[in-house]
Every structure is written in C-alpha cells, then in structure tokens.
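Asker: So that we are looking at the same thing, I have put the structure below in structure tokens.
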Amino acid sequence: MTISQGNLGLAYRSLKAAKGRSFLTMLGIIIGVAAVVLVVCIGQGIKDQISGQLGRYGKSTLTIQPTSSSGSAGVFTGLSGTSSNLLSENDLRVVQKTKGIATAVPVSTSSGSMRGDHTVNSPFIVATTAEFTDVINQSIQYGGFFDPDIDSKTVVLGANIAHKLFNDNSPLGQTLTWRDQHFVVAGVFNTFSAPPFSLEANFNNAVFVPYSTAQDLSGSVLGMYQILAKAKPDADQRQTTDAVQAALTASHGGSRDVAVLRADETDAGSNKTIHLLTVLVAGAAIVALVVGGVGIMDVMLVSVTERMHEIGLRKAIGATNRQIMRQFMAEAFVLSATGAIIGVAVSCAVVGLMRVYTSLQPVLVWQVLVVAPVVAIAVGLFFGSMPALKAARKDPIEALRHE
C-alpha cells in the first residue's frame, strides 16, 4: 500500500495540531533508535581500541599463561590470578631455551603495602627481571629500568602509582618502603595504553620490583602468572609459537595446561565479552523500539476514537476504506520516521561528545545508522496498521452518530 504525498501532508497537519502528544508518542522510537545506535557504536569503538592495541608489546611478543580448567586459555587467566595453576621457573627456562626465542621474562605478583610520601595499602606489585623492557614495547619517561646486578633494591613505577606514592612528578632517587626494606626509585614508565574493558592488567598502576628480590622477601618461590617472550627478528611467528607450545607440553608430561598466545590472540577474550554484552544490550534496545511501536498504536487508537465523526464524514462523501487506511498509515509513518531521524541525530551527537570528553572512542557504523531507522519505521507501520484498519472498517452511519 503506497502513501501519497497528500496523505503525508494531511498526516503532518494532524500531528502538528497535537504537538505534545505527538512528541511523547515518538519518544519511545527516539529512545529505541538512539539506544541501538549507541550500543553498537560504543561496542565497535571499544573493539577497535582493543584491536588497535594488539601487539602493543611488539608483534613478535608471545604471552604464555596457564589455561583454565577446560584446557583453553580463559579470559580471566593471567594477571587476574583466577587460574588454579601457576607457571614455574622451569617453564621459564624451557621457553628461554626454545629455538626462535630471543629472551623471556617472568611476570609474577607479590603483596604488601608500600610507603613513600603516601602509603598505598594494596599496590599492584609486579616481580620481573631486567629484560622486561626488551620484551615490551614501552618507553620509560624518567630514569631507567632496574639492573639487579648493580642494586637489587630498586623499583620502577607505573605512571599512576607514581602520583599515588609521591608528591614529586619525577620521584627519581626517592625511597619507598616495602616489607620493612628500603627501595630506590630507578625510573617511571610512560603511560601504558589501557583500552577500556580490556582484561589485561593495567601496568600504569604497577610497581615493578626485581624477581629475585621479591622472591627473597616473600620467603618462598614465586609462581608466575605469565611469561612474556620475544621471538628473534628472523623467526617465523607461528612456528616459534608452535615450538614453545610443544616444549611446554612435553615438560608438563604431555598435559596441555599452558597456552602460548601470539599478539593477535591475547585480547580474544575481551572481544568475545564485549561482543556478547553488545548483543545483549542491543536486544534490550530493540525491545525499547517495540515498546515505542506499542505507544504509537495506543495513541492512534485514541486518535481514531476522537476523530470518529471525521471518519464518518469522509466516508459519507465517498472516501473508500483504502483511503481512510492510507491516511492513518501516513500518520504512523510520519511519527516513526520523525522519531527515527531524531534518534539517529541524538545518537550521533552523543557519539561526538563521548569522543571529546571521555576515554571511549565510539565509531559510527553506517550499517546500523541505516538499519535502525528502517526497523523503527517498520515497527511503527506494523503497530499503526491496527488502528488504521479499525478506522477503515468503521460503518459511516455509526461513525456520524458518534459524539
């Protein structure tokens, strides 16, 4: 059924006569369209941010970590510490000796409060070795990384924790206390890139201490949550990964309880989680669209009742059922289309504001900018067809008698 330009004009004048009610009717469509567009754009933006950080430690860097109980690399393994297994010093030696590996470093965590100018009760303490900076793709803003051969009582700070511990922006050479031992600050890292909702540890909040020193102070062997390894420049990435995986499997008696991840695999868990959340929230937003369609139906049913005498007069002078139906379908179309356009405009404005004022970088996805309004208009026409059908089927004599 086509809607003529005359019907659209008539529909516009009818809705303009009741501006307040028309806007409230469109509100459900506006909210639904804006929600769908925003959810998809934010989700895509976060995935792009995470994907843009793949290989932030270098494309040749491998991440070795325990697997979940199901035998696959769980999204919460690694520095989150939820895995029941830890890597050992023997695992580190196996990785270091594997063909194609240039260097490998342990990544462990330790506990205890730290006191500088201020006290941090539960800092994120990372125990590693001096080769850590050779593996990760991160520069140091002030000073340098520690050298255990020279002084094992030195630490390097992440950008955030440096401000929490000290008043000085560059606390080089200052002393902090950990486990009743004094440590000298050797350096401060530049800010690590930390994509929103990434499941990786945020090294901006980390205090890096020598692995051997942390092990001595803890009084026990430190388990490793991760091993970071850097492949040789001339080594094939996939072959090196397979070689490390095979060596670790053999050293564990054939048990594949350790995962070796390339740079393009380390954020797979984050992407899956974000995709799932995007689908769930988008589903809720689609429900809002349906609710908006129901609102259009309810208001148009009221409109049909209020305009019963008008319907009777039009039928009495020769208007057909099809013409009456087209008139009310035109009103449903105008309501839903206007609401959809406003919803897209609102969502685009919010995306722009978020990119300027927040760390999120949502991306406008043209597909959803097209599909969301089309779905909204289809929902509006579907629910608007019921009141239109009711109006078209009215007996003209009964309609004229209606007060």
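The values are calculated or read from the model by the stated rules, or taken from the named source; none is laboratory data. Being a predicted model, the structure only gives us computed values, none of them experimental. Every residue, glycine as well, gets a Cβ built from its backbone with ideal geometry; the counts of neighbours run over all protein chains shown.
Asker: Got at least one residue in region 54-72 being among the aromatic types (Phe, Trp, Tyr), buried (at least 17 other Cβ atoms within 10 Å of the Cβ) and at pLDDT below 90?
Answerer: Looking through region 54-72, at least one residue is among the aromatic types (Phe, Trp, Tyr), buried (at least 17 other Cβ atoms within 10 Å of the Cβ) and at pLDDT below 90.
Asker: Restricting to region 73-87, name every residue that is touching a strand residue (DSSP E or B) at 6+ places or on another chain (Cβ under 7 Å) and either in a helix (DSSP H, G or I) or at pLDDT 55 or above (or both).
Answerer: Those that are touching a strand residue (DSSP E or B) at 6+ places or on another chain (Cβ under 7 Å) and either in a helix (DSSP H, G or I) or at pLDDT 55 or above (or both): Gly78, Leu79, Asn85, Leu86, Leu87.
Asker: Can you tell me which residues in region 344-368 are within 12 Å of Val37 (Cβ to Cβ), modelled with pLDDT under 90 and in contact with a helix residue (DSSP H, G or I) (Cβ under 7 Å, 6 or more places away or on another chain)?
Answerer: Pro362, Val363, Leu364, Val365, Val368
Asker: Next question, about the same structure. What are the residues in region 95-123 that are closer than 16 Å to Val185 by Cβ and in a loop (DSSP other than H, G, I, E, B), if any? Write out each step before concluding.
Answerer: Going through region 95-123, the residues closer than 16 Å to Val185 by Cβ turn out to be 114-120, 123.
Listed by number, the residues that qualify are Gly116, Asp117, His118, Pro123.
Asker: Considering every residue within region 21-38, establish whether at least one is surrounded by 14 or more Cβ atoms within 10 Å (Cβ to Cβ), among the aliphatic types (A, V, I, L, M) and either modelled with pLDDT under 80 or not in a helix (DSSP H, G or I) (or both).
Answerer: Checked region 21-38: no residue is surrounded by 14 or more Cβ atoms within 10 Å (Cβ to Cβ), among the aliphatic types (A, V, I, L, M) and either modelled with pLDDT under 80 or not in a helix (DSSP H, G or I) (or both).
Asker: Further question: Regarding Leu217, is this residue modelled with pLDDT of 90 or more and either part of a helix (DSSP H, G or I) or touching a Cys at 6+ places or on another chain (Cβ under 9 Å) (or both)? Step through it out loud before you land on a result.
Answerer: On the way: modelled with pLDDT of 90 or more: no; either part of a helix (DSSP H, G or I) or touching a Cys at 6+ places or on another chain (Cβ under 9 Å) (or both): yes.
The answer is no for Leu217.
Asker: Right, Phe203: in the same structural domain as Val135 (by TED's automatic domain parsing), at pLDDT 90 or above and within 20 Å of Ile136 (Cβ to Cβ) or not?
Answerer: no
Asker: Run down Thr133, Thr109 and say which single residue is free of Cβ contacts under 8 Å to residues at least 24 places away in the same chain, among the hydroxyl-bearing types (Ser, Thr, Tyr) and surrounded by fewer than 22 Cβ atoms within 10 Å (Cβ to Cβ).
Answerer: Criteria check complete, one pass: Thr133.
Asker: Does region 227-243 contain at least one residue that is at pLDDT 85 or above, in a helix (DSSP H, G or I) and of a type in the set (A, V, I, L, M, F, W, C)?
Answerer: The answer is yes, given that some residue of region 227-243 is at pLDDT 85 or above, in a helix (DSSP H, G or I) and of a type in the set (A, V, I, L, M, F, W, C).
Here is a yes/no grid of residues against (1) small (Gly, Ala, Ser); (2) surrounded by fewer than 16 Cβ atoms within 10 Å (Cβ to Cβ); (3) out of contact with any helix residue (DSSP H, G or I) (no Cβ under 8 Å at 6 or more places or on another chain):
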position: Ala214; (1), (2), (3): yes, no, yes
position: Leu222; (1), (2), (3): no, no, no
position: Leu228; (1), (2), (3): no, no, no
position: Ala231; (1), (2), (3): yes, no, no
position: Thr240; (1), (2), (3): no, no, yes
position: Gln245; (1), (2), (3): no, no, yes
position: Ala250; (1), (2), (3): yes, yes, yes
position: Gly253; (1), (2), (3): yes, yes, yes
position: Val258; (1), (2), (3): no, no, no
